[in-house]
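Contents: one structure, followed by commentary.
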Amino acid sequence: MTELMPSPAPLRSRYTTVEDLAQKAGGDSPSLSLADLEATTGLDARRIQTLCHAIGLPPVTDRDAITFTARDAQELSHAAGAIDSGAIDARTQLSLFQAAAATAERLAWSQLETIIEDTAQAGAPNGAPTQLTAIDRVAGLADQLEAQMTYVWRHQLARAVRRIGGRAVAAQETPDGSAAPDTARAVGFADLVDYTAVTGTFGRTELDALVQEFTTVTHDIVTQGGGRIVKTLGDAVMFVAEDAVHGATIALGLAEALGATGHTPPARVALAFGPVLGRYGDVFGTTVNRASRLADIAEPAHVLVDEATAQRLGGTNTMAVTAGPAVELAGLGPVRPYGLTRAAQRVTA
């Protein structure tokens with residue numbers, strides 16, 4: 001199997017420009033103009049531009065400039081065909097493209113930055129510029145990175161199907177209406193305490209070690225707890241789980257693990273349960289805002305939850321919730337926080 005990060009090598013002679021490397025990474029060379037694409041696909045320029053905008057491609061101002069690839073023609077034709085056949089509506093197709101573009105952009109930058117860092121540590125050979133050596137490596141690895149992305153994505157899609165399917169089955173089995181609405185999720189935040197002050201004197205190596213540990217710990221605890229990370233926000237992580245019990249398990253795990261080794265500061269952790277709007281892998285709504293505001297007032301290494309979460313944890317024998325006094329949260333009004341602990345560690349909020 002090809003090594004993921006082979007030893008740095010000078011720029012290959014067949015790649016004479018950065019554009020050559022970009023085309024190698026992209027997998028295809030432009031061969032079509034906008035006018036050609038109209039003729040090839042049967043789509044008009046406005047529709048092509050709309051679909052391309054959703055993908056994140058810049059607008060084309062010169063109809064005769066060679067800008068598009070054969071793969072562009074194929075994929076845009078497929079997308080338009082799905083819309084025209086009624087298999088999917090136009091708004092949904094644009095949302096799918098936008099979600100894929102946002103995720104792919106973040107992944108591409110992450111992969112490139114990782115290989116730049118690896119190249120810098122290994123040292124670019126013969127005095128070659130680190131970044132040029134790194135992008136040469138990425139171009140050579142593009143096919144393998146694509147295969148890895150598809151492989152991981154299939155696993156994640158199957159995982160998502162199992163979760164949503166399990167939730168739907170559970171709802172069918174509770175005809176009394178006690179099941180949470182389909183849009184309800186447990187939303188949590190873990191925010192490192194005094195991150196700016198702690199890292200103010202850090203060098204690159206120390207900061208890298210902290211970021212690596214924070215990323216690894218949060219990923220492991222969230223995924224093993226049955227949730228998923230929505231996003232990281234510098235010194236904070238946002239996660240969701242399908243129900244309050246899984247969310248609470250994750251929240252307690254994060255509060256206990258972060259800061260325990262001394263390599264990362266402790267974290268303020270909070271969890272809220274309720275309806276959310278899901279878009280582009282992110283979630284929005286009052287439930288998200290409530291979890292974020294509760295994290296702001298939580299004590300280091302402690303977990304606060306809202307009343308909806310506390311009610312759903314009432315029947316568990318492994319966790320304890322203790323009501324605290326109502327507090328005024330910005331934009332939300334008075335909210336009663338509940339302290340969440342292991343059952344044998346009951347404390348006041």
Q) Any residue in region 183-198 that is touching a helix residue (DSSP H, G or I) at 6+ places or on another chain (Cβ under 9 Å), in a helix (DSSP H, G or I) and not aromatic (Phe, Trp, Tyr)? A) yes
Q) Can you name the residue in region 203-232 that is without any contact (Cβ under 8 Å) to a residue 40 or more places away in the chain and aliphatic (A, V, I, L, M) and is also nearest to Thr114 (Cα to Cα) among such residues? A) Val211
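Okay, residues lined up against (1) over 20 Å from Thr218 (Cα atoms); (2) assigned to a strand (DSSP E or B); (3) more than 29 Å from the chain's Cα centre (by Cα):
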| position | (1), (2), (3) |
| --- | --- |
| Val269 | no, yes, no |
| Thr287 | yes, no, no |
| Arg290 | yes, no, no |
| Ala295 | no, no, no |
| Ala344 | yes, no, yes |
Q.
Is it the case, given these coordinates, that Pro334 is assigned by TED's automatic domain parsing to the domain that holds Val187, more than 29 Å from the chain's Cα centre (by Cα) and not in a strand (DSSP E or B)?
A. no
Q: Just give me the residues in region 271-285 being within 18 Å of the chain's Cα centre (by Cα) and at negative phi, in sequence order.
A: Val276, Leu277, Gly278, Arg279, Asp282, Val283, Phe284
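Of a type in the set (Val, Ile, Thr) and assigned to a helix (DSSP H, G or I): does that describe Thr61?
Numbers: of a type in the set (Val, Ile, Thr): yes; assigned to a helix (DSSP H, G or I): no.
Here the answer is no, as Thr61 does not meet what is asked.
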Q | Restricting region 27-39 to residues that are modelled with pLDDT of 90 or more and either more than 14 Å from Asp62 (Cβ to Cβ) or not assigned by TED's automatic domain parsing to the domain that holds Val60 (or both), the residue that is farthest from the chain's Cα centre (by Cα) | A | Ala39
Q) For region 147-160, how many residues are at pLDDT below 85 and among the β-branched types (Val, Ile, Thr)? A) 0
Q. Could you say which residue among Phe189, Phe202 is buried (at least 22 other Cβ atoms within 10 Å of the Cβ), in the same structural domain as Ala298 (by TED's automatic domain parsing) and of a type in the set (Phe, Trp, Tyr)?
A. Phe189
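Being assigned to a loop (DSSP other than H, G, I, E, B) and touching an Asp or Glu at 6+ places or on another chain (Cβ under 6 Å) is the filter here; which residues of region 66-93 pass it?
Of all residues in region 66-93, those assigned to a loop (DSSP other than H, G, I, E, B) come to 66-67, 69, 85-89.
Correct list: Thr69 only.
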Q. If you go through region 199-244 one residue at a time, how many are of a type in the set (Gly, Ala, Ser) and part of a helix (DSSP H, G or I)?
A. 2
Q. Which condition does Ala79 not pass, out of (1) in contact with a strand residue (DSSP E or B) (Cβ under 9 Å, 6 or more places away or on another chain); (2) under 22 Å from Arg279 (Cα atoms); (3) at pLDDT 90 or above, if it passes all the others?
A. (1)
(Q) I'd like to know if region 262-282 contains one or more residues that are within 18 Å of Glu242 (Cα to Cα), β-branched (Val, Ile, Thr) and surrounded by fewer than 19 Cβ atoms within 10 Å (Cβ to Cβ). (A) no
Q) Could you say whether any residue in region 29-46 is assigned to a helix (DSSP H, G or I) and touching a residue at least 40 places away in the same chain (Cβ under 8 Å)? A) no
Q: Select from region 304-324 the residues that are without any contact (Cβ under 8 Å) to a residue 24 or more places away in the chain and assigned to a loop (DSSP other than H, G, I, E, B) and list them in ascending order.
A: Gly314, Gly315
Q.
Being crowded, with 24+ Cβ neighbours inside 10 Å, closer than 13 Å to Val222 by Cβ and not β-branched (Val, Ile, Thr) is the filter here; which residues of region 240-253 pass it?
A. Ala241, Gly247, Ala248, Ala251
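The values are calculated or read from the model by the stated rules, or taken from the named source; none is laboratory data. Remember, it's a predicted structure, so these values are computed and weren't measured experimentally. Neighbour counts are summed over all protein chains in view; Cβ atoms, including those assigned to glycine, are modelled from backbone coordinates with ideal geometry.
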